[in-house]
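A.B. asks: Sharing a structure here in structure tokens format.
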Amino acid sequence: MAEHRLDASEVHREWNNAIAPRLTIDPGDTVVFDTRDAADGYYSRASTHADVIARGPFRGHPLTGPVRVRGARPGDTLVVEVRDVRPALDWGWTAIRPGRGLLPEADFAKPYLNIWDLSDGTHARMGTSVAVPIEAFPGVMGVALDEP
């Protein structure tokens, strides 16, 4: 069983089986994915609340892949084991954009951005008073439909 690496130099933003696979693997192979954050690198440590609105409309999550599994056919169930997820940077972000997402605009009328310090590798820190344990997750994962 081979190990592969798929970098985030090229991404797509839709579930579409017409997109050619960037990698073809055998069942049981391991793939290490480098991924982009949900804002596709838009925010930086210096970003402010104003950057939330200036970002413009949501274009979709940047997705790394696709990966084709040799022998897999439409309707098959694929078992994927996620062995580890680590932040790529020593900082992260949380944004609230009025009118977008599940938070009611009446309660969250102004844009908000928090830049978290992840540098100790164990906690996301907001100043000296808030420390949230890092529980990284892969974000968006899925398989292409059998029809475009």
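The values are calculated or read from the model by the stated rules, or taken from the named source; none is laboratory data. Since this is a predicted model, take the numbers as computed values, not measurements. A quick note on method: Cβ atoms are made from the backbone with ideal geometry, for glycine too, and the neighbour counts reach across all protein chains shown.
A.B. asks: Taking interchain pairs and intrachain pairs at least six residues apart, which have beta carbon atoms under 6 angstrom, with the first residue in the range 34-57 and on the phi < 0 side of the Ramachandran plot and the second of a type in the set (A, V, I, L, M, F, W, C) and in a loop (DSSP other than H, G, I, E, B)?
C.D. replies: Asp34/Ala8; Thr35/Ala8; Arg36/Ala8
A.B. asks: What strands (runs of 3 or more DSSP E) completely inside the range 30-141 contain at least 1 residues that are in contact with a His (Cβ under 8 Å, 6 or more places away or on another chain) and exposed (fewer than 15 other Cβ atoms within 10 Å of the Cβ)?
C.D. replies: The qualifying strands (runs of 3 or more DSSP E) are 30-33, 112-117, 130-133.
A.B. asks: Of (1) under 13 Å from the mean Cα position of the chain (by Cα); (2) on the phi > 0 side of the Ramachandran plot, Gly71 satisfies all except one. Which?
C.D. replies: Of the numbered conditions (1) under 13 Å from the mean Cα position of the chain (by Cα); (2) on the phi > 0 side of the Ramachandran plot, the odd one out for Gly71 is (1).
A.B. asks: Which one of these does Glu10 not meet: (1) closer than 25 Å to Asp146 by Cα; (2) out of contact with any Lys or Arg (no Cβ under 9 Å at 6 or more places or on another chain)?
C.D. replies: Single failed check for Glu10: (2).
A.B. asks: Within the set of pairs 6 or more residues apart or between chains, which connect a residue that is within 17 Å of Pro57 (Cα to Cα) inside the range 102-120 to a residue that is charged (D, E, K, R) and at pLDDT 95 or above with Cβ atoms less than 8 Å apart?
C.D. replies: Leu113/Asp51
A.B. asks: Arg70 is checked against (1) of a type outside the set (Ser, Thr, Tyr); (2) touching an Asp or Glu at 6+ places or on another chain (Cβ under 7 Å); (3) at pLDDT below 95 and fails just one. What number does that condition carry?
C.D. replies: It fails just one condition, (3).
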